[in-house]
Structure formats: C-alpha cells, structure tokens
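The values are calculated or read from the model by the stated rules, or taken from the named source; none is laboratory data. Because the structure is predicted, anything quoted here is derived from the model rather than measured. Glycine also receives a Cβ, built like all others from the backbone with ideal geometry; neighbour counts cover every protein chain displayed.
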Amino acid sequence: MRLDIVLLGLIIPVISVADQTCHYQSYRWNTLTRQAEFFESVTKSYADLAPHEIDNQTGCSVCIEDQRQVIIANLKPIRVCKQIAGQIEWILNMSIAEGFQIRQLRGYHVGRTRGEIDVHGRRTKFSNHSFGIAVDVNSDSNGLYENCVEFGKQCILRRGGDWLPDENPLSIRGDSLLVELMKDSGFLWGGEINGRQKDFMHFSVSGY
Ligand SMILES: [Zn+2]
C-alpha cells in the first residue's frame, strides 16, 4: 500500500507536467526607445520550460496555467501565482475592511523588463509580475521613482502618479495595515527597497 502511494506520488507529477501545455504572452522593454516591443505569444509544453521561465521560490512559471484569478471588490479581476493567490486576496480584503480604498490593481503581466540588455537595447529577464508573484496597488497614487535612494525632491517619477502619503488616502503609508500584513506574510514593499528605485505601488515575494 505504501509503495503504491510513493509510486503514484512519483509518477503522477511527471505525467501531468509532460502533458500540460503552457501559454503566455510577452514583450520586451527597449531601454533605448523606452517602449514595449517584440510582442510574442508562446505555446509550449511544460517539460520544455527553461529555468528563467520559472520562479524558484514559488514554483510558479510565466504560464497563465500557473495563475489564479483574484477578484477584489468591484475591480477588474487580476491573476496571481496560485501559491500566493489566497494570501493576496485575504490581505487586500482585510485592508479594504479596515477602510483603505483600492482603485487599481495589477498582478500577472508577462514582460522582460529586467536584467542584462541585449544588442538591440532590450531587457532580457522576466519581471516579478511575469510569474504572478507581484501586485501593484493604486498605481495612480503610488509611483515608481528613480534617483531615489531616500525619498525626497530629487526623486524622478517614472511610472504611475505622485506618492503623497500625508495628503492622499490612496497613497500607501509605511505604517498602514496593508504594508504590515504584506510584510507579515513575507512580501516586500517597493517603498522600502534598497537602491535607487522606490516603487510604492509594488509588493512582491522576492523583492524588486
Ligand atoms: Zn509592480
């Protein structure tokens, strides 16, 4: 009986991985033109996935099949890595219950926006959003800034809207329940990442 269970445990994942088909749509960010390009629609067997197409920490890949839909309030549904979808859903709903308003959400979104730059000026590595392991909250009020080791006037807004935590209730404060619950669950907040960028909308499993 035990042997059967062990054998099943070994055989079933192998068969299902080989049989499963992966689908995803991707683009590459061109650092010279500052535009998305090289759009592609990929269909391949799970068995053919390359290591850079899978997140080590969660096991979620860039395939849409590894994502679960999450619906928060009356917002457009998002997709998140199935391993963390329940946690994300709970945290966002708790924050709303405590009075925080969520107007925009973004989860799974595949694109090569990180890593080394190729000869055409294009990024080569997948972002955290590509694996569904990152969520952006209220981007219009929680921008991505560069030149921003410490937040201040020198910071340059690159994406989203101004972060005004003392004036705008849609901006995410460092002492908010949302940040507290995210950090308790092992997520990092982009408002606290080290280095030249601050991404106040962004929460992720593995940092930026
Ligand atoms: Zn993000």
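Being farther than 26 Å from residue 20 by Cβ, of a type in the set (Lys, Arg) and surrounded by fewer than 18 Cβ atoms within 10 Å (Cβ to Cβ) holds for only one residue in 123, 114, and it is 114. The set of residues in the stretch 139-173 that are acidic (Asp, Glu) and out of contact with any helix residue (DSSP H, G or I) (no Cβ under 8 Å at 6 or more places or on another chain) comprises 140, 146, 150, 166, 167. When the stretch 96-138 is filtered for residues that are in a loop (DSSP other than H, G, I, E, B) and farther than 22 Å from residue 66 by Cβ, the ones remaining, listed by number, are 98, 99, 100, 101, 102, 103, 104, 118, 119, 120, 121, 138. Of the residues making up the stretch 102-117, those that are at pLDDT 95 or above and of a type in the set (D, E, K, R) are 103, 106, 112. Say whether the condition of being surrounded by 11 or more Cβ atoms within 10 Å (Cβ to Cβ), at pLDDT 95 or above, aromatic (Phe, Trp, Tyr) and farther than 19 Å from residue 135 by Cβ is met by at least one residue in the stretch 12-26. Scanning the stretch 12-26, I find no residue that is surrounded by 11 or more Cβ atoms within 10 Å (Cβ to Cβ), at pLDDT 95 or above, aromatic (Phe, Trp, Tyr) and farther than 19 Å from residue 135 by Cβ, so the answer is no. Yes or no: the stretch 97-109 includes at least one residue that is surrounded by 15 or more Cβ atoms within 10 Å (Cβ to Cβ), farther than 24 Å from residue 55 by Cβ and not aromatic (Phe, Trp, Tyr). Yes. Quick check, is residue 167 under 22 Å from residue 62 (Cα atoms), over 16 Å from the mean Cα position of the chain (by Cα) and either exposed (fewer than 13 other Cβ atoms within 10 Å of the Cβ) or among the hydroxyl-bearing types (Ser, Thr, Tyr) (or both)? Here the answer is no, as residue 167 does not meet what is asked.
Restricting attention to the stretch 170-195, which residues are within 16 Å of the ligand (Cβ to nearest atom), in a loop (DSSP other than H, G, I, E, B) and surrounded by fewer than 15 Cβ atoms within 10 Å (Cβ to Cβ)? Within the stretch 170-195, just 195 meets the criteria.
Checking each residue in the stretch 139-157 for being farther than 18 Å from residue 187 by Cα and assigned to a strand (DSSP E or B) picks out 145, 146, 156, 157.
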